[in-house]
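Comments concern the structure below.
Values quoted throughout were computed directly from the atomic coordinates according to the rules given, and no laboratory measurement underlies them. Treat the numbers as computed from the prediction; the structure is a model and nothing was measured. Here Cβ is always computed from backbone atoms with ideal geometry, including for glycine, and neighbour counts include all displayed protein chains.
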Amino acid sequence: MRDFFKSTRFKILLAFIAFLIGIMVYSVTKGGYSVSGESFINTISKPFRTVSNNIGVKIETSLDKLSRAEEIYDENQSLKKQVTDLSEQLNEYEALKSECEELRKLVGIKEAHPDYSTSRFCKVIGYTANDPFKSFTINVGSADGIEPYLPVATAEGLVGITIEVSEHLSTVRTILSPDLSIAVKCSSSGDDTGIIEGTVTSAENGMTKLIHLRTDNTLKKNDLMITDGTSGLFPKGYSVGKVKSVDMDSNGLSAYAEIEPCADITNLTSVFVITDFTGKREDSE
């Protein structure tokens, strides 16, 4: 028994009794009135009732969530479907917006060049693998009136020429290729003429080369080079590229210039084919 009075349990019991006595004294002296047994019990039990109520509310909330789990799941699925539908509508809107923009550009081209007959804007399906000159395939062919050796362009500038045509597909050789020669002239002076022919080095930077320039040419940076139209393969006066630099050939007999194409040859998504134009050569190569 003596050990009990020295134990930790006895000390905790004394502390609790002292706490109860303190509450009783405080209640009596606070308002000058005595505390009934019921009031005393309420005072003592209030913290425990508060905790109990909080636990009850949390349990009730959890049970409510569980009971509404199927309803919440259905709502979630409905919201997901709405998001999917809105995404599809947005994609359709962007496609229509892109198509309208292409039609607007095509109308502008027709107005600027009334002698042109063109295909619709066609999609670039993909670039030819391992081709440094960026040849690519488009989704139009003989069924759409496409033939070999027709000019291919964007609203910004000349892109290249069709070389292989099947019923629904065509392969395009670009102006970056050394296998395609285009007679051009300066749009401002008209006197500085030359031939656009690509090189491996130029193509690596998305550029092409203007050769056979006169040594006394007056070309300067950002001068626009346009098609001369003398070959009959390309319409006259269509934008090809801008001069980036001019230099002399190693033989000293002619000059050359680095040309940046007006069309971004390495990142094309859509183009059109010029099927007919004034001065078109009727025979094919």
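Summary of values
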| item | result |
| --- | --- |
| Sequence ranges 184-191, 103-110, 261-268, ranked by mean other-Cβ count within 10 angstrom, highest first | 261-268, 184-191, 103-110 |
| Exposure proxy order (Cβ contacts within 10 Å, fewest to most) of ARG173, ARG120 | ARG120, ARG173 |
| About the Cα centre, charge dipole magnitude for the stretch 204-250 (Lys/Arg +1, Asp/Glu -1 at Cβ), debye | 180 |
| Order of VAL271, VAL152 - criterion: other Cβ atoms within 10 Å of each residue's Cβ, fewest first | VAL271, VAL152 |
| For the stretch 170-227: rounded, prolate or oblate by the Cα gyration tensor [a/c cutoff 1.5] | prolate |
| Kirkwood Rh (inverse of mean 1/r, distinct Cα pairs), the stretch 121-285, angstrom | 15.9 |
| Built amide H within the under 5 Å cut-off of SER170, gap 5+ | ILE138, VAL140 |
| MET248, MET225, MET207 arranged by Cβ crowding within 10 Å, fewest neighbours leading | MET248, MET207, MET225 |
